[in-house]
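Asker: First the structure, then my questions, so here it is.
The values are calculated or read from the model by the stated rules, or taken from the named source; none is laboratory data. Model, not experiment: these values are computed from the prediction. No Cβ is skipped: glycine too gets one built from the backbone with ideal geometry, and neighbour counts run over all protein chains shown. Heavy atoms of the whole protein, side chains included, go into the accessibility calculation; ligands, DNA and RNA do not. Shrake-Rupley method; radii C 1.70, N 1.55, O 1.52, S 1.80 Å.
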Amino acid sequence: MPHPSTQKGGRLVVADNRRARFDYEIMETFEAGLALQGTEVKSLREGKAGLGESYAAVEGDELKLINAYIPEYGQGNRFNHEPRRPRKLLMHRRQIDRLAGAIQREGLTVVPLRIYFNERGLAKAEVALARGRKAHDKREHLKERSWEREKARLLRHHG
């Protein structure tokens, strides 16, 4: 089981893509189910997964999670899965069409933010429609964040 501190609001967070919030400006988030094999679920239950260089892409009429790393399950023997295989994201047709339209029209990207188990124990992925940040935007974002932290610190001490 993953460490209990990864539990947020009834969700057991397995993988968090913290880099995405820095590299991208998040426009809108969506929840998607994950079509997984048995050994993948067991590996996720052990709290192992990585979303480092992963992204979501529309292939035909499906949305796929590409390059997400779920390591092989220790006791999986010959039935084990491939760690970086494309995995189908389960969403409503209207949502997938909307994402596909935004990708083509506005040049946006679909980025996975986290993988978690919901209250019912189902593996879910939180994906976001995002716009890539340029290097100067990232610097500006860092300045804003550090100023917000500094402001909060000053208010706490001088409140």
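Asker: How much accessible area per residue does the chain have, counting only protein heavy atoms and a probe of 1.4 Å, in square angstrom? Please list the in-between numbers first.
Answerer: Values: 9960 Å² over 159 residues.
Per residue, the chain has an accessible area of 63 Å².
Asker: Next question. So, in Å, what gap is there between the alpha-carbon centers of the range 10-47 and the range 89-121?
Answerer: Centre-to-centre distance over Cα atoms comes out at 12 Å.
Asker: Among all lysine pairs in the range 1-129 that are eight or more places apart or on different chains, how many have alpha carbons less than 15 angstrom apart? Show your work: numbers first, answer last.
Answerer: Numbers: K8/K124; K42/K124; K48/K124; K64/K88; K64/K124; K88/K124.
Lysine pairs, 8 or more places apart or on different chains, close enough: 6.
Asker: Write down Rg/Rh for the chain, rounded to two decimals, with Rg from the C-alpha atoms and Rh from the Kirkwood relation over Cα pairs.
Answerer: Details: Rg = 17.8 Å, Rh = 17.2 Å.
Reported Rg/Rh, Kirkwood definition of Rh: 1.04.
Asker: After finding the eigenvalues of the alpha carbon gyration tensor for the range 37-100, what semi-axes result from the square roots of 5 times each, listed largest first in whole Å?
Answerer: Three semi-axes, in Å: 25, 12, 10.
Asker: Kindly identify the range 93-159 as rounded, prolate or oblate by the Cα gyration tensor criterion: order the square roots of the eigenvalues as a ≥ b ≥ c, call it rounded if a/c is under 1.5, otherwise compare a/b with b/c, prolate if a/b is larger, else oblate. Spell out each step's value before the answer.
Answerer: Details: a/c = 3.70, a/b = 1.53, b/c = 2.42.
Note, shape of the range 93-159 comes out oblate.
Asker: Test of the criteria: in the range 93-146, which GluC sites (Glu not before Pro) are in a DSSP loop and have at most 11 other Cβ atoms within 10 angstrom of their Cβ?
Answerer: On the way: sites: E106, E119, E126, E140, E144; in loops: E119.
The qualifying sites are E119.
Asker: Taking only the alpha carbons of the range 62-133, what extent do you get along each of the three principal axes, in Å, biggest first?
Answerer: Computed over the Cα atoms, the extents are 45, 26, 23 Å.
Asker: Contour minus end-to-end for E31 and Y69, with contour as 0.36 nm per residue of separation and end-to-end as the Cα-Cα distance? Intermediate results must be reported in sequence, preceding the final value.
Answerer: Numbers: separation 38, 0.36 × 38 = 13.68 nm, distance 1.89 nm.
Once the chain is fully extended between E31 and Y69, it gains 11.8 nm.
Asker: For K134, give me every one of the aspartates and glutamates with a C-alpha distance below 20 angstrom, ignoring sequence neighbours fewer than eight places off in its own chain.
Answerer: Qualifying aspartates and glutamates at Cα under 20 Å: D23, E25, E28, E53, E106, E144.
Asker: Compute the FRET efficiency between A152 and N118 as 1/(1 + (r/R0)^6), taking r as their Cβ-Cβ distance and R0 = 30 Å, and round to the nearest 0.05. Kindly include the intermediate steps, with their values, before the conclusion.
Answerer: Values: r = 31 Å, r/R0 = 1.05.
That gives a FRET efficiency of 0.45.
Asker: Also, I was wondering about something else. Return the calculated 222 nm mean residue ellipticity for the chain, to the nearest 500 deg cm²/dmol, obtained by summing -39500 (n - 2.57) across DSSP H runs with n ≥ 4 and dividing by the residue count.
Answerer: Details: 4 runs with 52 residues, N = 159.
Only helices count here, giving -10500 deg cm²/dmol.
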